[in-house]
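K.L.:
I have a structure I would like to understand better, so I am pasting it below and will then ask my questions one at a time.
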Amino acid sequence: MRTLVIVGSQWGDEGKGKVTDYLAQEADVVVRSQGGNNAGHTILFDGNKFALRSIPSGIFNPNIKNIMANGMVIDPKQMLEELHGLEARGIKKYQLFVSNRAHIVLPYHSALDGAYEQFKEDKKIGTTKRGIGPTYADKANRIGIRMGEFIQPELFKEQLKTVLKIKNMELQMLGLEPFDFDAIYTEYSKYAEEIKPFVCDTAELLEEEILKNSKVLFEGAQGVMLCLDHGTYPYVTSSSPTGASVPLNSGIAPRYIQDVLGICKAYTTRVGEGPFPTELDGELAHYIRERGHEYGTVTQRPRRVGYLDCVALNYARRISGINHLALMLFDVLSGLDTIKICYAYELDGKIIHTIPATTYDYSRVKPLYIEMPGWKEDITSVTSFDELPIQAQNYIRKVEELTKIKVSLFSVGPDRKQTIVLEELFK
Ligand code: IMP
């Protein structure tokens, strides 16, 4: 296997950063192809904790080429802060390539993100307010600014002048202050200058690498259920975090994508609004949230917590072509008497095995569960499947049975060493 796509198979925050970091040890190239700094990938190794937002997870290894591809939306200021933060912590030797076709996030995008949310009142999406939606909207509206223009002062000036006129009207219509052209131009030109050496045609580079037989890891952000097309619309992000989106968002042929590793937690979490059939509250939610440190990496919001939802997982498998599964945060479930897994929904008296298209229907489904015995043992130091308590082994087998996907690895703690591989994927 020379190319491997990693996708979140739930609503994001499944632990993709950890798996990417683990597999990146084998990779020659790591690619981020969609989203922006709405993502937050936490990586822990040798006692150091790093929270990445838009920079690919291969950045810690100087031999890996890290690509920020055309499908991303990049906030130049935040990207540089992230890079400087890494450099200050000793990550000074790295290879980074930024697509000349990626779109940039400017301050008016974040302002608009907040304003749209405010006006939606009880229909808020609960966005990260990083300007992601408005930037993708400008891209679709053909008034976005791409890296290739951004790094050429005259082109940036010309494009910003035109676009800012429109955006300022939009801001004022929403009761917000307009932005000053000179202020943005002066500040952002400095960022452009600094980012310029990283900018290139990353699609060309990527194909060269694939043809050279390099190992390429595509690092997903968010999760399938947050996909703009197939997720729980409108409570989704503004890009597609599926395996299918990878070729388009990185500029390569679909035939180069063969394997998709879906990352899922041993339970389910969601940040932001929208239906969540297996959501828990009370003591059990608190238990899982605290043990799993379920607070947003980007916004610090407490995450909503629920039982594992195999209807959602099966949906993600179908939409995203997932053929391997990584079960994360498995240790969090230790200590429970019994654990439930959702295997189907009931809607209007019918049993269904898929995600209804409308929020109206999805918010009315009733999850149907199987209940399994839990285990009391601490499993954070197990190093093999056989060392797991039998109840934990049965839990993994049940997930495989319900999703028809093989669990290729599971994780019992945040450290690199706490990853137990059942099937080598990327050797
Ligand atoms: P946006 O991507 O900031 O527009 O937010 C849209 C929805 O996606 C909100 O519910 C966010 O909480 C959610 N979201 C965006 N990025 C992530 C992520 O990396 N993990 C989990 N949820 C996310």
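Throughout, read-outs are computed from the coordinates displayed, never taken from laboratory work. Not measured: the values here are computed from a predicted model. Positions of Cβ are backbone-derived with ideal geometry, glycine not excepted, and every protein chain shown enters the neighbour counts.
K.L.:
Pulled fully out, how much extra length does the chain show between ASP122 and GLU154, if you take 0.36 nm times their separation in residues and subtract their Cα-Cα distance?
P.N.:
Working it through step by step, the gained length comes to 7.2 nm.
K.L.:
Right, next: For an R0 of 35 angstrom, estimate the FRET efficiency from the Cβ-Cβ distance between LYS190 and LYS417 and round to the nearest 0.05.
P.N.:
0.25
K.L.:
Which residues does the label zone of ASP182 cover in segment 143-162, counting backbone N under 18 Å from a point 7 Å along Cα→Cβ?
P.N.:
157-158, 160-162
K.L.:
Same structure again: 7 Å from Cα along Cα→Cβ at both GLU204 and HIS293: what's the point-to-point distance in nm?
P.N.:
4.2
K.L.:
Modelled label-to-label distance, HIS353 and ASN323, 7 Å Cα→beta-carbon offset: nm?
P.N.:
It is 2.1 nm.
K.L.:
When only Cα pairs under 8 Å and 6 or more residues apart are kept, what is the percent relative contact order across the chain?
P.N.:
Over the chain, the number comes to 20 percent.
K.L.:
Take the chain, connect every pair of alpha-carbon atoms lying under 10 Å apart with a spring to form a Gaussian network, then pick out the residue of ARG397, ARG303, ARG255 with the largest mean-square fluctuation.
P.N.:
Its mean-square fluctuation being the largest, the pick is ARG255.
K.L.:
Can you compute 3J(HN,Hα) from phi for each residue in segment 352-366, using the Karplus curve 6.51 cos²θ - 1.76 cosθ + 1.60 with θ = phi - 60°, rounded to whole Hz and x for Gly and Pro?
P.N.:
Couplings: 10, 10, 9, 9, x, 6, 9, 4, 4, 6, 5, 6, 9, 5, 10 Hz.
K.L.:
If you don't mind, another one. Pick from LYS404, LYS215, LYS18: which residue has the top mean-square fluctuation in a GNM of the chain where Cα pairs under 10 Å get a spring?
P.N.:
LYS404
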